[in-house]
Amino acid sequence: MIRRRPPHRVRRLRSVAIAGLLLSLLAGCTSDGESTTGVTGSTDGDTTGPVTRAALPLEVLVYNVEYGGDESTDAVIEDVDADIVGVLESYNRLPEIAANTGYPYYNVSLQILSKYPIHEPSGAEGRYALIEVRPGEVVAFFNIHLDYVRYGPKLLRNGATVEEVLASEDEVRTSSLEVPLRLMDELIQQGYPVFFSGDHNEPSSLDWTEAAAAARPAIEQAVAWPVSEAILELGFHDTFRDTHPNPVEVPGITHEGAGDRIDYLYAAGPVATLDSQLVGEEGGRGVEVGFEPWTSDHRAVVSTFDVTPVPMPVMVSVNAALLTQGDPLTVAYRSTGSDGSVAIVPSGGATSSPALTEDVTASSGTFDVDTSALEPGGYDAVLVDGDGSEVARVASWVRDPNAQIEVSTDEETHRVGEPIVVSWTDGPANRWDWIGVYEATKSDPKVDYYLLWNYTGLHASGAVPPSVSGSMTLDETAMGNPWPLPPGRYVVHYLVTDRYRSIGSARFEVTP
């Protein structure tokens, strides 16, 4: 039976949150009782100027449920009952998780559950959401899963130098954050509260300290792990370390197999951490909120904050960037006035030939689009002002519910050592879908072993927006071996969600 959240924890978190909120309100009040905290801007360049804002308590959970999770991981999410959840490895099961746990809002591409409306806004490049935690007021939320291959501490144990390991970490993991970190920095500079949850598959510099190296046999020396260094350099704070600053006394291990803390919840901007706790198996090392059973290979982290949201910027947003024809599409906007329109147009198209148009009758609003009336393909929601000028644009894709993936190679025959370009269309666009090459006589992924492979988004698969089509080049940079492939016949499979289920394949031959 799932252990319900202890009543003392509910009271403690709630009392801490209320106390922090009262302190922040008192600190931010003028003699007439008005808060003067903050100036906010827009991802589209608009600046709203000084505003009156009040803080509010917010609880956030980051949880890798492992391969889509099941009823037991759903029960954990429901029981913790955080306001926002960054869910890792939920894949296309997220709608079911939302239904099972009672969350009214979810976003499959960003892997987020929320009690509040989720906006994929113009300017976000499909990388983050604005979550409307109070009507007309938002926080920014990123949820990113970094690649697991070439785990740094394992390389160190196998004799690699620190310099070699850090170079490997930059190639596999830090490089995936180049665009997200740029966007985060812009939001922080504009005064947004920014949350960054994720499974980063890398330890933290705050954990691999000289003191930890002296106390923990698994840590031989202090290491400035580059992902955490890049995040902290932007001004984020590690919310677990906010309340557990000593990594020797509280290592906070989130993955016992790795022996490290690799799941994080960072915050920046007008956010104060009130509490942070490790959630995991009952009686587990360092676990503060225990459950039985616990089925994920990761522990979770739940943090409570005092956060001051900012007014929604001038923007147009969609509730999801990837939908299946017939799914509900909700478009929201905030404009510079009460006239203009929002046009739904083919991707990159002009507003003069829209698929449909919604008039703007107020400075902000929402409307629903019947995607069953749209042909499958890409669309933009475009905010247009009263004189017909484009203000903002955000993309979405409507999939054909009957589409079948097509996989192909650039040539049916390749010479030894010749790069092989694999392409696909109408794919499911999951995080961590992958391409695997098998010998033609041993090509059943359920029982046979792959040779070459790569994730469809390469090392950045857990950080890039979803795409139903794409291509990759298999050459000496591919994962696996051997390269070059020796002469013979091969099958390349498109496999879903880091598992061995093929939904499409193509054959090719390598000749001398």
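Of all residues in the range 370-396, those that are over 12 Å from Pro121 (Cα atoms) and in contact (Cβ under 8 Å) with a residue 24 or more places away in the chain have Cβ atoms under 6 Å from Cβ atoms of residues that are of a type in the set (S, T, N, Q) and open to solvent by 60 Å² or more (accessible area, probe 1.4 Å), 6 or more apart or on another chain, in Gly378/Ser347. Within the range 307-316, restricting attention to residues that are out of contact with any Leu (no Cβ under 7 Å at 6 or more places or on another chain) and part of a strand (DSSP E or B), the residue that is surrounded by the fewest Cβ atoms within 10 Å (Cβ to Cβ) is Pro311.
For a quick check of your reading of the model, give me the residue pairs whose first member lies in the range 177-189 and is more than 20 Å from Glu202 (Cα to Cα) and touching a residue at least 24 places away in the same chain (Cβ under 8 Å), whose second is open to solvent by 50 Å² or more (accessible area, probe 1.4 Å) and of a type in the set (Asp, Glu), with beta-carbon atoms closer than 7 Å and at least 6 apart or on different chains. Here the result reads Leu183/Glu125, each pair linking the range 177-189 to a residue that is open to solvent by 50 Å² or more (accessible area, probe 1.4 Å) and of a type in the set (Asp, Glu).
The criterion of at least 3 residues that are free of Cβ contacts under 8 Å to residues at least 40 places away in the same chain is met by the following strands (runs of 3 or more DSSP E) wholly inside the range 225-306: 271-281. When every residue of the range 372-381 is checked against the conditions, none turns out to be open to solvent by 70 Å² or more (accessible area, probe 1.4 Å) and closer than 17 Å to Ser505 by Cβ. Considered as a group, the residues in the range 396-431 that are more than 26 Å from the chain's Cα centre (by Cα) and among the polar types (S, T, N, Q) include one that is most open to solvent (accessible area, probe 1.4 Å), and that residue is Gln404. Just the residues that are open to solvent by 10 Å² or more (accessible area, probe 1.4 Å) and either at positive phi or among the polar types (S, T, N, Q) (or both), please, taken from the range 224-281. Residues satisfying the conditions are Gly235, Thr243, Asn246, Gly259, Gly269, Thr273.
Suppose the filter is among the aliphatic types (A, V, I, L, M) and either under 25 Å from Thr456 (Cα atoms) or in contact with a Phe, Trp or Tyr (Cβ under 8 Å, 6 or more places away or on another chain) (or both); does Leu156 pass it? Here the answer is no, as Leu156 does not meet what is asked. Taking the residues in the range 54-93 that are assigned to a helix (DSSP H, G or I) and at pLDDT below 95 as candidates, determine which candidate is surrounded by the most Cβ atoms within 10 Å (Cβ to Cβ). Out of the qualifying residues, it is Tyr91. Within the range 203-217, at least one residue is within 19 Å of the chain's Cα centre (by Cα), surrounded by 15 or more Cβ atoms within 10 Å (Cβ to Cβ) and within 28 Å of Val65 (Cα to Cα). Note on the range 325-343: residues that are in contact with a helix residue (DSSP H, G or I) (Cβ under 8 Å, 6 or more places away or on another chain) and either free of Cβ contacts under 8 Å to residues at least 24 places away in the same chain or outside any loop (DSSP other than H, G, I, E, B) (or both) total 2.
Looking only at the range 398-414, residues that are in contact with a Gly (Cβ under 6 Å, 6 or more places away or on another chain) and at pLDDT below 95 come to 0 in all. If you go through the range 461-512 and keep only what is of a type in the set (Val, Ile, Thr) and either in contact (Cβ under 8 Å) with a residue 12 or more places away in the chain or surrounded by 14 or more Cβ atoms within 10 Å (Cβ to Cβ) (or both), you end up with Val464, Val468, Thr473, Val491, Val492, Val496, Thr497, Ile503, Val510, Thr511. Only a single criterion out of (1) surrounded by fewer than 21 Cβ atoms within 10 Å (Cβ to Cβ); (2) within 27 Å of Asp370 (Cα to Cα); (3) more than 20 Å from the chain's Cα centre (by Cα); (4) not acidic (Asp, Glu) is not satisfied by Val447, namely (2).
Looking only at residues in the range 434-460 that are touching a residue at least 60 places away in the same chain (Cβ under 8 Å) and in contact with a helix residue (DSSP H, G or I) (Cβ under 9 Å, 6 or more places away or on another chain), the one that is nearest to Gln111 (Cα to Cα) is Ala460.
It is to be established whether one or more residues within the range 197-220 are in contact (Cβ under 8 Å) with a residue 60 or more places away in the chain and among the aromatic types (Phe, Trp, Tyr). No, the range 197-220 contains no residue that is in contact (Cβ under 8 Å) with a residue 60 or more places away in the chain and among the aromatic types (Phe, Trp, Tyr).
When the range 345-360 is filtered for residues that are more than 26 Å from the chain's Cα centre (by Cα) and either assigned to a strand (DSSP E or B) or not hydrophobic (A, V, I, L, M, F, W, C) (or both), the ones remaining, listed by number, are Val345, Pro346, Gly349, Thr351, Ser352, Ser353, Pro354, Leu356, Thr357, Glu358, Asp359.
Every test in (1) of a type outside the set (A, V, I, L, M); (2) out of contact with any Ser or Thr (no Cβ under 9 Å at 6 or more places or on another chain); (3) open to solvent by 20 Å² or more (accessible area, probe 1.4 Å) is passed by Asp327 save one, and that test is (2). Among the residues of the range 117-133, those identified as surrounded by fewer than 24 Cβ atoms within 10 Å (Cβ to Cβ), among the charged types (D, E, K, R) and out of contact with any Leu (no Cβ under 6 Å at 6 or more places or on another chain) are Glu125, Glu132.
The values are calculated or read from the model by the stated rules, or taken from the named source; none is laboratory data. All figures in this text were calculated on a predicted structure; none of them were measured in a lab. Neighbour counts run over all protein chains shown; Cβ positions are idealised from the backbone, glycine included. SASA here: full protein model, heavy atoms, side chains in, ligands and nucleic acids out. Shrake-Rupley method; radii C 1.70, N 1.55, O 1.52, S 1.80 Å.
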